[in-house]
Amino acid sequence: MVAEAVAEVVAAVVAHAVTNVVTRFSTHRCARLFWLCVVNSLPRVRLVEWRPKLIRFPRNASLPAALLACGLLACGSPAVAQTAAQEPPNYPTRPVKIIAPQAPGGGVDLVGRVVADRMSRAMGQTFVIDNQAGAGGAIASQATARAAPDGYTLMIGYVATHGTNPAVRRSPYDAIKDFTPIAMIGGTPNLFVVSPALPVHTLQEFVLYARANPTKVDYGTSGKGTLNHLLMEQFKAAANFPSLSVPYKSIGQAFTDLMGGQVRAIFPGLAAGLPHVRSGAVRPLGVTGLKRHPILPGVPTFKESGYEDFDGLTWYGIVGPAKMPPAIVKKLNEEINQILAQPDFRDKLAGEALDTMPMTPEQFGQYMAKEIVHWTKIARASKIEVE
């Protein structure tokens, strides 16, 4: 209410001052009529609605006095400050660092580099990838959270750093409060695969086999509390079958043991599992998501097979430190969404089984919050906690 009142005062002062100029120094009827039309149109302006009933100036008030009052009021006016904040910033003026919380060669690194390349071309400044692997992304996340919120330190926030990790770890950062959501890039579904040696070809057949042979369906993961671990625990709870988790340092090692017969199932991301599916080394039984993936149209979703709420994705986005300037966030979001709309960029990601998922910063923030709630529920039900 105070801001609106100040805005009205400023509008009234400006209108009075300019009206004095027009009526005092212009003898041309058209000039007077033009200004009256401008004043009458002011109520349609959304930033400042002109309602000059709060103050009245005498017709003979001096123009310098009116202009001085206008300047003094405008300096402290929230409306003026808001207008300035909405002006497009001169950003970036120097190179921008994008921290990738994974070693070179992984999915996070891949997404980061293709986005950084396009951003460099679009914004006329270098966007450079800084790989900071370790502690499940906690090292990179903490470095980003502590950085200056000026738009020159960003991070690839993904399902681990802003989804599963907060659900299973006591992190040195708050995945919501310590970050600014900027833009979602895209995601890939997860694929449940088994050894071809198992006599099963559907999810239902696997569940029946696991119940009858509880010691023969151990599954591999890329570590305790990772997405593929939580997904498998969710599947076990939903279908009521036993299976022992075998953690590995990487999903690649888990695939090696799957093909060697040490484990019988894995729940990797589609991009990681696709080469092994195409080579015939593994058999796909189900895919997460709301619909079948065009790369594997013959593989049903979990929902088609009778299991609800398996719409989790391995997703990637861009975040920054908390309290970044809204104008910079808006500019970055718009640039990234324009890149996501480019057909050749979509095709490049599609080649890695990634679908683009453009969102506003607000939508992306809500998405991350929902992910944390979802995976926290799964982790607590399965009593999974990583020290």
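Results, tabulated for the structure shown:
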| item | result |
| --- | --- |
| Equivalent ellipsoid, the stretch 305-382 (semi-axes from 5 times Cα gyration tensor eigenvalues, Å) | 26, 20, 9 |
| Low-density loop positions, trypsin sites (Lys or Arg not before Pro), the stretch 281-317 - DSSP coil, at most 13 other Cβ in 10 Å | Lys291 |
| Lysines whose Cα lies under 22 Å from that of Lys323, excluding same-chain neighbours fewer than 8 positions away | Lys97, Lys177, Lys331, Lys370 |
| Alpha carbon convex hull of the stretch 191-287, volume per residue in cubic angstrom | 82 Å³ |
| Reciprocal of mean inverse Cα separation for the stretch 297-341 (Kirkwood radius, Å) | 14.0 Å |
| For the stretch 145-238, radius of gyration divided by Kirkwood radius, i.e. Rg to Rh on alpha-carbons | 1.12 |
| Set of lysines near Lys249 by C-alpha distance (under 26 Å), chain-local residues within fewer than 8 positions excluded | Lys216, Lys224, Lys236, Lys377, Lys383 |
| DSSP bridge orientation in the stretch 191-287 - percent antiparallel, rounded to nearest 5 | 55 percent |
| Extension reserve of the Asn240-Thr256 stretch, reckoned as 0.36 nm per residue once the Cα distance is removed | 3.0 nm |
| Neighbour net charge for Val96 - beta-carbon separation under 15 angstrom, K R +1, D E -1 | +2 |
| Ranking of Glu371, Glu362 by count of other Cβ atoms within 10 Å, fewest first | Glu362, Glu371 |
| Residues Arg113, Arg94 arranged by fewest to most Cβ contacts within 10 Å | Arg94, Arg113 |
| Ranked list, fewest to most other Cβ atoms within 10 Å of each Cβ, for Leu274, Leu230 | Leu274, Leu230 |
| Contour minus Cα-Cα distance for Lys291 and Ala197 (0.36 nm per residue) | 31.1 nm |
| Distant-in-sequence amide H partners of Ala183 (H built 1.01 Å from N, under 5 Å) | Ile318 |
| Approximate spin-label separation Thr126-Ala327, in nm, with each point projected 7 Å along Cα-to-Cβ | 2.7 nm |
| Cα-based Rg and Dmax for the stretch 248-387, where Dmax is the largest Cα-Cα distance (Å) | 17.9, 54 |
| Net charge over other residues, Cβ less than 13 angstrom from the Cβ of Val329 (K, R count +1; D, E count -1) | -1 |
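We did not get these values from a lab; they are worked out from the coordinates using the rules stated. Since the model is a prediction, treat every value here as computed from it, not as a measurement. Don't worry about glycine lacking a Cβ; one is built from the backbone with ideal geometry, like all the others, and counts go over all protein chains shown.
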